[in-house]
1. Which of the residues belonging to the stretch 191-227 are within 27 Å of GLY31 (Cβ to Cβ) and surrounded by fewer than 18 Cβ atoms within 10 Å (Cβ to Cβ)?
2. Restrict the check to the stretch 102-117 and report whether at least one residue is in contact (Cβ under 8 Å) with a residue 12 or more places away in the chain, of a type outside the set (D, E, K, R), over 24 Å from SER159 (Cα atoms) and outside any loop (DSSP other than H, G, I, E, B).
3. Restricting attention to the stretch 118-130, and to residues there that are under 15 Å from LEU153 (Cα atoms) and touching a strand residue (DSSP E or B) at 6+ places or on another chain (Cβ under 9 Å), which single residue is surrounded by the fewest Cβ atoms within 10 Å (Cβ to Cβ)?
4. Pairs needed: first member in the stretch 48-62, in a helix (DSSP H, G or I); second member anywhere, among the acidic types (Asp, Glu); C-beta distance under 9 Å; at least 6 residues apart or different chains.
5. Which of the residues belonging to the stretch 120-145 are touching a residue at least 40 places away in the same chain (Cβ under 8 Å), closer than 30 Å to VAL229 by Cα and not aromatic (Phe, Trp, Tyr)?
6. Residues that are of a type in the set (Phe, Trp, Tyr), in contact with a Cys (Cβ under 9 Å, 6 or more places away or on another chain) and at pLDDT 95 or above: find the helices (runs of 4 or more DSSP H) completely inside the stretch 172-262 holding 3 or more of those.
7. Checking the condition of a type in the set (Lys, Arg), touching a helix residue (DSSP H, G or I) at 6+ places or on another chain (Cβ under 8 Å) and free of Cβ contacts under 8 Å to residues at least 40 places away in the same chain, which residue from LYS151, LYS208 passes?
Amino acid sequence: MYDFKIGVMLDSFRLPIDEAIAKAVSIGADGFQVYAVGGPVSHEGMDATRRKEFAKKVADAGIVISALCGDFGQGLYSPEINKVILEKSKRVLQLASDLGTKVVTTHIGVVPEDKNHPRYAIMQEGCYALAKAADDIGVRFAVETGPETSKVLKGFLDSLGSKGVSVNLDPANLVMVTGDDPVQAVYNLKDYIVHTHAKDGVMLNRTKPEYIYGVEPAPAGLPAAFEEVPLGTGSVDFPAYLKALGDIGYNGFLTIEREVGEDPAKDISMAADFLRDTIKKING
């Protein structure tokens, strides 16, 4: 029996937060993820009183917070940047704990395939510190998949010796950026998956991930690398992917993220229905 929770990325609705929560409830979501960098739910702008008020608002709505997004838009590429991100990340971890969620998703940049690449050791050092901070508070930092293959990411995470830094598995990023197989990624990363994004897409042109994620300047005139599309219309084999998640014992959130499109609320509602139908089919 495959059993998952349906979540939504609250910011994808592009609505004021109270309206977005109401919309999440209206489509039958079990929980939501929300950005904790800027905006109304912020590690900087919410004092203790506001945190308690927001937690109560969520509980009163009959929904939970699946995760916070603590992405600062920078890779862990230099000791100086890493120190700044670590201090900010500690505040996001505390916010997550105060709001009753145990997951903070983030991007750490592109992990080099070559372990001798200078960037590898710097990223490793930054993630050691993030893992310790997460362990100290009892919250997981979940690295979003996509910039590198799941095999490379697993090797990197194994080297940390801690699950304080874990995985937010985004199957669309894998097919759009690296051409990696989301099903195999589930099995590769099974010991680290604590949250997932339900998103779909297609690769249009194979492009160096370092160009896509801004690690290196992209050549002029580079064609579009990928396209995000509504759930079930892209390259992610969702029946096989969900079966793989169930096979490893994952029963957490499938959090719908819709970053493009003219009517995101409609797309998110359709995505929720698609996931429920797919779960029902794989359950026979």
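The values are calculated or read from the model by the stated rules, or taken from the named source; none is laboratory data. Since the structure is predicted, the reported quantities are computational estimates derived from the model, not experimental observations. When we count neighbours, we look across all protein chains shown, and the Cβ atoms used for this are built from the backbone with ideal geometry, even at glycine.
1. Selection gives ASP191 alone.
2. No, the stretch 102-117 contains no residue that is in contact (Cβ under 8 Å) with a residue 12 or more places away in the chain, of a type outside the set (D, E, K, R), over 24 Å from SER159 (Cα atoms) and outside any loop (DSSP other than H, G, I, E, B).
3. Result: TYR128.
4. ALA48/ASP98; ARG51/ASP98; LYS52/ASP98; ALA55/ASP98; LYS57/ASP18
5. So in the stretch 120-145, the residues touching a residue at least 40 places away in the same chain (Cβ under 8 Å) come out as 122-123, 125-127, 129-130, 133-134, 137-142, 144-145.
With the extra rule that they be closer than 30 Å to VAL229 by Cα, the set shrinks to 140-142, 144-145.
Residues satisfying the conditions are ARG140, ALA142, GLU144, THR145.
6. Details: elements: 182-188, 209-212, 238-247.
Because the criterion is at least 3 residues that are of a type in the set (Phe, Trp, Tyr), in contact with a Cys (Cβ under 9 Å, 6 or more places away or on another chain) and at pLDDT 95 or above, no helices (runs of 4 or more DSSP H) in the stretch 172-262 meet it.
7. LYS151
Residue-by-condition table, conditions (1) within 14 Å of GLY100 (Cβ to Cβ); (2) small (Gly, Ala, Ser):
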residue	(1), (2)
ALA22	no, yes
ILE27	no, no
ALA36	yes, yes
GLY39	no, yes
GLY45	no, yes
PHE54	yes, no
ILE65	yes, no
